[in-house]
Amino acid sequence: MAKVVGCLVLIALPLLGMGQNLQKIDSLRKKLAHLSGENRFALLIDLAWEYRFAYPDSTILFAQQAHSLAADLALPIGQAKALNYIGVAYNYKGNPLKAYEYYNEALNVSLQQNDSLQLAYSNNNLGILLFNQGLMAKAYDYYIKSYGIFKKLHDKSGLAYTLQSLGNLQLSQKDFTQSENRFMEAYLLRLELKNKRDIMSSLILLSKLFYEKKEYDKSIRALVSADSVGQLIHDEINLSEIKILQAKNYIEQGRVEEAERIAEAGTRVIVKVQYKRLLAEAQLILGTLKVQRGKYKEAEDLLKSSLKIAFEIRDLHGQMNAYKQLWRLSEAQKNKHEAVTYMNQYLILNDSIKDLDLTRQVERLQFQLEIEKKEKENELLKLSKANQSIVIAKQQAQNILLFFILLLMLIVGAVSWYFNRKGRRNNLKLKAQNMFIDLQRQQIEKRNIELSSQNQSLADLNHEKDVIMSIVAHDLKSPLTSILGLINLMNMEGQLQPVHRDYLRMIREVTQSNLNLIVDLLDVSALDTNQQGIEYSTFAPAPLIEERMSLFQFAATNKGITLKVINPIFETIESNPSYIGRILDNLVSNALKFSSRGSIVEVSTRLAENILELSVKDNGPGFSDTDKMLLYQRFKKLSARPTGGESSNGLGLAIVKTLVDRLKGEIILHSSKGNGSEFVVRVPVKVIQHQHT
């Protein structure tokens, strides 16, 4: 999924570069002060659209003004368009939930106002949003709805837009045949419309599809056609990107000299216009070609420049690829020291990207749950409105019926009415109250059934997520353990060179870091699923703590940290030694990870009034007020960073909190920023045998 999203972003880059027309924006703003009514609304809409790429906040501001003006003027259509633009702006700001709310509101308004064009765009926008979040099936449904509306309206521009969305979705599923059909349909429609920039965009999209299919000749032909169109409109940025794409195809065909020549031509233009995001990739490709051609000095300058730009634009994949090529260049130049340095940077970034991908997967799952929750809320709201309408209609009918009954009774029994009016009024009032109470009871029962069903669905989804995570973790644990075993066997060989041992050490550290993450994930899953009673047994804390501390002695010695155990408890107590040991492991591991060399980590115990108190104290960086708010949440990384390059997945303290809660205890933190920290765990125990002095 990460590759698909990256591909779509790359496709959109040339359009983004040309989308911000500052001269047009200035012209529109000057006209704004002199317009009113529908003309002002149209100008506000145009301004909102022009600002969307570089200044999405301005898009939101002008679109909200346009929406309010459309409501004041009671325009028959237009409000949905303003809402769609607000959704686009929030999407560019990286807030998909907010974008979903406005797209959905635009869809509802377009239905109310019978605005078919905006209804089509709302469906397509929702499809793109869900596709970017990995919800392919839902995205496909919205695309098909959008396609059907555009086709009914005979809107060729909208049809081409939706066809490209469908093509991108099918490309992400490796359905190359259907993807090519969609892209070709969009290309033919844009040929009919004769918009040269759109034609060039479609050709570039086709070339990237052929590149993915490894049909490099077709990809090059599409790029040559796109180049011809670009020459007509003097679009230097897109022309330079076309050259870079041609170079990538030539590389795959082994035409290194041609690839170098055309990549140099494209890079010169990109350098001239300082299009940094494309410049980083262009210099990386050209630098890689220079390495293959043995032009090491030119290659080094290009790769370092690409790395610098990748840092400026915060492109982690670009940084990682630049480090990888610099590593290979250093090996080619026999510079072992620089090769090891660049390899370490590459491996560190590779781990960071894996952590980022895991975080994004969690965010996508949360987004899916939020969307389903909102859909349920909308259904409940519609049902509630329908019920209210039924109640109002029934009440109106009852009122009419009562009116005629009362009128008839007045005509027939004018005399008797005077004597019995109080009784009749009381009876009517009681009857209405009983009917109202009965209706409320029925509504409450129905709502309880719906909420129970919704809660069960959410529980099933959460269970499915835990099962998937557990399966993936179990499947990864075995091969990683095998890798560690193979590394240990290779270390036992006596003929390994020092550099090879360094490589094995780095592989072991990376493998052990991933294995630790899997163990933590399995622990979290086990704690979530195992809700049975705790098994208690008798033990003495002192031997347990001594055994656990011995496991950390090697890591402490490597960092020059002193481990101290103060006031060991030898009394025999009853509790769960496995939970106590795991709590201690996580707290001591964190203390070692974030403490500097030469510091001290103290572990102390205290037993009083059937309460076992366990303390772990360090001289590390401590916790800020913001850290304390996120302290025990899963996958939350805090401000402090490990002092020895160790990995941190944000699960250790969450596991500690779960175990302490299981033991019906409490955990207390004494810490301030820069002054170390002390975790104190207090759990109730049963003293079996006191220590004899």
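The values are calculated or read from the model by the stated rules, or taken from the named source; none is laboratory data. Fair warning: this is a prediction, and the values are worked out from it, not measured in the lab. Glycine gets a Cβ as well: all are built from the backbone with ideal geometry, and neighbour counts include every protein chain shown.
Evaluate the following for K354: is it at pLDDT below 80 and more than 19 Å from N95 (Cα to Cα)? Considered against the rule, which asks whether it is at pLDDT below 80 and more than 19 Å from N95 (Cα to Cα), K354 comes out as yes. Among the numbered conditions (1) surrounded by fewer than 17 Cβ atoms within 10 Å (Cβ to Cβ); (2) in a helix (DSSP H, G or I); (3) at pLDDT below 60, the only one that A54 does not meet is (2). Taken over the stretch 287-300, the criterion of being free of Cβ contacts under 8 Å to residues at least 12 places away in the same chain and either in contact with a Pro (Cβ under 9 Å, 6 or more places away or on another chain) or assigned to a helix (DSSP H, G or I) (or both) is satisfied by K297, E298.
Return the only residue of I270, I251, I220, I237 being part of a helix (DSSP H, G or I), of a type in the set (A, V, I, L, M, F, W, C) and touching a residue at least 60 places away in the same chain (Cβ under 8 Å).
Numbers: I270 fails: touching a residue at least 60 places away in the same chain (Cβ under 8 Å); I251 fails: touching a residue at least 60 places away in the same chain (Cβ under 8 Å); I220 fails: touching a residue at least 60 places away in the same chain (Cβ under 8 Å).
None of the other options fit; the residue is I237.
Looking only at the stretch 516-529, decide whether some residue is at negative phi, at pLDDT 80 or above and among the acidic types (D, E).
No: the stretch 516-529 contains no residue that is at negative phi, at pLDDT 80 or above and among the acidic types (D, E).
In the same structural domain as G581 (by TED's automatic domain parsing), modelled with pLDDT of 85 or more and among the aromatic types (F, W, Y), is that true of F679?
When the stated conditions are applied, F679 passes them.
Remark: pairs (first residue in the stretch 547-574, within 18 Å of N590 (Cβ to Cβ); second residue surrounded by 15 or more Cβ atoms within 10 Å (Cβ to Cβ) and of a type in the set (D, E); Cβ separation under 7 Å; 6+ apart in sequence or on different chains) = R548/D585; K564/E602.
Set side by side, the residues E185, E180, E212 differ, and just one is acidic (D, E), closer than 23 Å to Q253 by Cα and surrounded by 16 or more Cβ atoms within 10 Å (Cβ to Cβ), which is E180.
Suppose we keep only residues that are among the polar types (S, T, N, Q) and in a loop (DSSP other than H, G, I, E, B) within the stretch 570-602. Which one would you say is surrounded by the fewest Cβ atoms within 10 Å (Cβ to Cβ)? So, considering only residues that are among the polar types (S, T, N, Q) and in a loop (DSSP other than H, G, I, E, B), the one surrounded by the fewest Cβ atoms within 10 Å (Cβ to Cβ) is S596.
Restricting I242, I270, I237 to those that are out of contact with any strand residue (DSSP E or B) (no Cβ under 6 Å at 6 or more places or on another chain) and either of a type in the set (G, A, S) or closer than 21 Å to L171 by Cβ (or both) reduces the list to I242.
Within the stretch 30-50, residues that are of a type in the set (D, E) have Cβ atoms under 6 Å from residues that are surrounded by 15 or more Cβ atoms within 10 Å (Cβ to Cβ) and at pLDDT 80 or above in no pair, counting only partners at least 6 apart in sequence or on another chain.
Could you say whether any residue in the stretch 88-111 is in a helix (DSSP H, G or I) and under 19 Å from R190 (Cβ atoms)?
no
When residues in the stretch 76-87 are screened for being assigned to a loop (DSSP other than H, G, I, E, B) and out of contact with any Phe, Trp or Tyr (no Cβ under 7 Å at 6 or more places or on another chain), 2 of them pass. Summed over the stretch 609-632, residues that are within 19 Å of N675 (Cα to Cα) and either in a strand (DSSP E or B) or β-branched (V, I, T) (or both) total 5.
Every residue, every condition in (1) at pLDDT 90 or above; (2) out of contact with any Pro (no Cβ under 9 Å at 6 or more places or on another chain); (3) surrounded by fewer than 19 Cβ atoms within 10 Å (Cβ to Cβ); (4) of a type outside the set (S, T, N, Q), yes or no:
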{"position": "S228", "(1), (2), (3), (4)": "no, yes, yes, no"}
{"position": "Q231", "(1), (2), (3), (4)": "no, yes, yes, no"}
{"position": "H234", "(1), (2), (3), (4)": "no, yes, yes, yes"}
{"position": "N238", "(1), (2), (3), (4)": "no, no, no, no"}
{"position": "K243", "(1), (2), (3), (4)": "no, yes, no, yes"}
{"position": "E258", "(1), (2), (3), (4)": "no, yes, yes, yes"}
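For N590, the conditions (1) within 21 Å of L663 (Cβ to Cβ); (2) free of Cβ contacts under 8 Å to residues at least 12 places away in the same chain all hold with the exception of (2).
Tell me, please, whether a residue that is surrounded by 17 or more Cβ atoms within 10 Å (Cβ to Cβ), in a helix (DSSP H, G or I) and of a type in the set (D, E) can be found in the stretch 140-149.
no
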